[in-house]
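Written below as structure tokens is the structure these notes are about.
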Amino acid sequence: MSTDERGPSLQPALITLRTSQTLLLSNPADGHWLGLRINEGILRISSIPQLDRPEMTLAMASSIEQGVFQYPNTATLQLEAIADACFRVEKVGLEEVAASDFLSDWMFQLHAIRHPIKAEDRLLKFFELLISRFGKRTSKGYLLEFLLSHSRIGEIIGATRSTVSRGISTLKRAKLIEIDELKDQLFMSSDRRVV
């Protein structure tokens, strides 16, 4: 599937992706930006692998964390459903663009996560970012209602899958996080300062 060309008066079609399904995004090529309008679910925005670079996670989006972005000239983008998703992809003219580029904001945050030396610190910062953007406050602390694979987390924080697995075990032993894999949920104590 890919986004299609529509006239300005037509609303883009509603797109539904099941968990793990992907959608290739076409580059508007006419100077338009793209807007994500998410009704439900969580999407991962990534560049597809090229000869000179691997697949890279650039951002994540949901109904409360969405926006407009300029399609990069040097990459081909795809959306992946982290949780079943229903959304629209719209072309947005320059006159409609706010001051903030959603994709650039996310890329800056993800880049900052890769700077701590210890993998556990990068992992904790990543979980804090996800909770600050997608989490819910509960009586127990903070709740994140989806999980990513250890290899995907490794790609994002700059670590191997096995390092992520060990890091998660370390964070669990230190009682900094709890994971319920049956419900795909992560809990973080309210003692933690969430960014």
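Numbers below:
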read-out	value
Zero-based 5 Å bins, Cα pair distances in the chain, whole percents	1, 7, 15, 20, 20, 15, 11, 7, 4, 1, 0, 0
The range 133-186 versus the range 62-95: alpha-carbon centroid distance in Å	25
For Gly135, distant residues with modelled amide H under 5 Å away	none
Nonlocal amide H pairs with Thr76, under 5 Å, H built at 1.01 Å	Ile48
Percent of Cα pairs exceeding the 18 Å cut-off, where the set is the range 116-189	33
Local electrostatic count, Phe134, Cβ distance below 9 Å [Lys/Arg +1, Asp/Glu -1]	0
Alpha-carbon spread of the range 9-112, three principal axes, descending order, Å	39, 30, 25
Net dipole in debye of the chain [+1 Lys, Arg Cβ; -1 Asp, Glu Cβ; about Cα centre; nearest 20]	940
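Read the figures in this text as sums done on the coordinates, not as results from a lab. The shown structure was predicted, so the numbers you read here are calculated from the model rather than taken from an experiment. For neighbour counting, all protein chains shown are included, and Cβ atoms are generated from backbone atoms with ideal geometry for every residue, glycine included.
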